[in-house]
């Protein structure tokens, strides 16, 4: 029952903002339009299969699809997925499979993906370790995991900004992670961290934690 309530709460929130999600990202996260997509591409090799967890409307998905035979992209919000599918039709891209799925219960066999990507989502998950466990399960041996996490815990000011922001937006969950705590969480979930850093566009209010890890 508790898990059903969590899923419904998360779906309701992300469904509500799905029509304006792209505008929100473009306004609040300039890094999505500047260096982040190229940074992720730089940490990919030409590979067969990529999974993106919590893909939203596909802002990153469409960029990484250029470097893969097939991309599977999942999000808990059906309306987010609908927005992504509309864009896929407009762009005439045919190597992406979008579907509405819960990150805690991925509908895939073990060890089938070369890379799993999760951008700006782990800090919004009630139990991020559950998602990380599933991500590790579906990754091939030595498969690569690339994550970005909002670095709310990097500064007391960021925590205050987020508390004020949450009064109006009412995000279901957010964790005040910093580089050390985010990296430690991923390591404890069975990954070997190869790269960890803070990245930020000068116009963005908060930094992103950027982590590249290998399945241990």
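A few notes on this one:
- In the range 10-65, the residues that are more than 20 Å from residue 99 (Cβ to Cβ), free of Cβ contacts under 8 Å to residues at least 60 places away in the same chain and surrounded by 16 or more Cβ atoms within 10 Å (Cβ to Cβ): 25, 32, 37
- Selection within the range 132-153: residues that are farther than 21 Å from residue 47 by Cβ and buried (at least 20 other Cβ atoms within 10 Å of the Cβ). The member of this set that is farthest from the chain's Cα centre (by Cα) is 153.
- Qualifying residues in the range 160-211 (those that are out of contact with any strand residue (DSSP E or B) (no Cβ under 8 Å at 6 or more places or on another chain), assigned to a helix (DSSP H, G or I) and at pLDDT 95 or above) - the one surrounded by the fewest Cβ atoms within 10 Å (Cβ to Cβ): 188
- Some residue of the range 153-164 being touching a helix residue (DSSP H, G or I) at 6+ places or on another chain (Cβ under 6 Å), under 22 Å from residue 21 (Cβ atoms) and free of Cβ contacts under 8 Å to residues at least 60 places away in the same chain: yes
- Among the helices (runs of 4 or more DSSP H) confined to the range 1-113, the ones with at least 3 residues that are farther than 21 Å from residue 206 by Cβ are located at 2-17, 61-64, 78-91.
- Residue 75 more than 18 Å from residue 149 (Cβ to Cβ), in contact (Cβ under 8 Å) with a residue 12 or more places away in the chain and in contact with a helix residue (DSSP H, G or I) (Cβ under 8 Å, 6 or more places away or on another chain): no
- The lone exception for residue 93 - which of (1) without any contact (Cβ under 8 Å) to a residue 60 or more places away in the chain; (2) touching a helix residue (DSSP H, G or I) at 6+ places or on another chain (Cβ under 7 Å); (3) crowded, with 18+ Cβ neighbours inside 10 Å it fails: (3)
- Test for residue 78: is it at positive phi and in contact with a strand residue (DSSP E or B) (Cβ under 6 Å, 6 or more places away or on another chain): no
- The set of residues in the range 66-78 that are surrounded by 18 or more Cβ atoms within 10 Å (Cβ to Cβ) and at pLDDT 95 or above comprises 71, 72, 73, 74, 75, 76, 77.
- Top-ranked residue in the range 119-135 [being part of a helix (DSSP H, G or I) and out of contact with any strand residue (DSSP E or B) (no Cβ under 6 Å at 6 or more places or on another chain); ranked as nearest to residue 29 (Cα to Cα)]: 124
The values are calculated or read from the model by the stated rules, or taken from the named source; none is laboratory data. Not measured: the values here are computed from a predicted model. Positions of Cβ are generated from backbone atoms using ideal geometry, with glycine treated the same way; all protein chains shown enter the neighbour counts.
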